[in-house]
Each structure stands twice: as C-alpha cells, then as structure tokens.
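Step one of this worksheet: look at the structure below.
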Amino acid sequence: MERSRLTRFFGVALLAGAIGIGCASDGSDTDGTGSGTTGGFDSGTGSMGGSGSGFGSDDMLSTGQAVAELEAIYFDFDRALVRDDQKPTLRTNAEAIRTGSWRTIVIEGHTDERGSEEYNLALGERRANAARQYMIDSGVPAAKLDTVSFGEAKPAVQGHDESAWRWNRRAEFRVLQ
C-alpha cells in the first residue's frame with residue numbers, strides 16, 4: 001500500500017515538474033542541507049512525504065494551513081540537525097500542539113536551491129523528521145505528526161545568495177483541519 005501511494009505521488013510530482021519546466025533554474029544550484037553528507041549537485045524541484053508510520057495522507061499534497069502559534073525553524077547548510085538556537089521555538093511549538101485541538105500537524109521540510117532534486121528531497125525529509133522527533137521527545141503524540149519534503153520547490157525567499165538561502169533551509173508546521 002505504501003509503495004502504490006509513493007508511485008502515485010511521484011507520478012503527480014513528475015507531471016507537476018514537467019508542467020513547470022519553463023520555470024527551471026540555470027543549473028548552477030548546489031545545496032545539500034542535510035545530515036552532513038554531500039553529493040553531486042544539480043538543480044531540481046519536487047516533493048515527497050513521509051512519517052514514522054508511512055507517507056501520510058493525500059491531503060499533504062495541498063498541505064495544511066499555517067497558524068500563528070506554530071513558527072518555522074531553520075537549519076544550517078548541508079545539515080538536518082536541530083540547531084540549539086531553534087530549540088526554544090520547537091519547545092513553544094510542541095506546547096501549542098500538545099494543548100491545541102488540531103487533528104494533524106504536517107511538518108514540511110525545505111532546502112535552498114542548491115543541490116540535486118533527489119538530494120534536496122531527501123534532505124528536506126531528514127529535516128522534517130528531525131523536527132518531528134524533537135516534537136515526539138517533547139511529549140507530542142506521534143499520531144498527530146506527519147512529514148512531507150518539498151526540497152527546494154517552495155522557497156520562502158527568492159534569491160541566489162546566502163541572504164535568501166538561509167530562510168529557505170527550514171521546517172514549517174501546517175495544520176490539517
């Protein structure tokens with residue numbers, strides 16, 4: 001069942017990528033903001049979902065809505081480890097999720113534009129999972145949390161330098177109603 005969902009999801013992602021090919025970058029991208037490993041770099045976009053128990057619901061393709069109580073956290077280049085300066089934000093988010101009446105929270109992993117599509121999707125997934133694990137360790141029920149990776153597909157800030165990239169290396173929290 002997970003495999004058929006994944007196949008359908010990647011089919012949709014490929015179709016979306018083919019439609020958006022006119023918006024492709026110049027190919028000079030080189031991100032890899034993950035677990036400390038690096039690889040060959042080229043540009044790409046896409047999304048991929050995952051959680052501790054599978055790939056979540058089809059609702060994640062459209063993602064949920066942002067709420068003021070849940071703030072994004074940011075990551076260092078080529079890393080998926082939660083930075084010490086981001087832990088207070090995660091603790092605040094965990095408290096809001098524990099006490100809130102939200103059914104499901106989707107944690108979206110994002111990267112900057114540098115790196116291959118595959119690398120950025122995997123890195124975004126590692127970032128989302130790192131934030132998810134921190135939430136679980138903070139007392140949030142795992143059943144309330146799903147993850148999805150958008151890699152570089154949804155930048156928060158447009159630009160081709162560190163002043164933009166630093167805001168794109170993030171995990172965002174969305175509420176599914």
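Quick note: the coordinates plus some simple rules give every number you see, no bench work behind them. All values reported here derive from a predicted model rather than from experimental measurement. As a convention, Cβ positions derive from the backbone with ideal geometry for all residues, glycine included, and neighbour counts pool all protein chains shown.
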Notebook entry, point to check: For Phe77 and Arg91 in one chain, what is 0.36 nm times their gap in residues minus the Cα-Cα distance, to one decimal in nm?
Noted result: 2.8 nm
Item checked: Difference of contour (0.36 nm per residue) and Cα-Cα distance, Asp84 to Asp161 -> 25.3 nm
Checklist line | ³J(HN,Hα), Karplus 6.51/-1.76/1.60, whole Hz, each residue of segment 103-119, x for Gly, Pro | finding: 6, 9, 10, 9, 9, 9, x, 10, 10, 7, 6, 7, x, 6, 4, 5, 5
Margin query: Using a 7 Å offset from Cα along Cα-Cβ at Ala68, what residues in segment 84-112 end up with backbone N under 20 Å from the label point?
Written below: 89-103
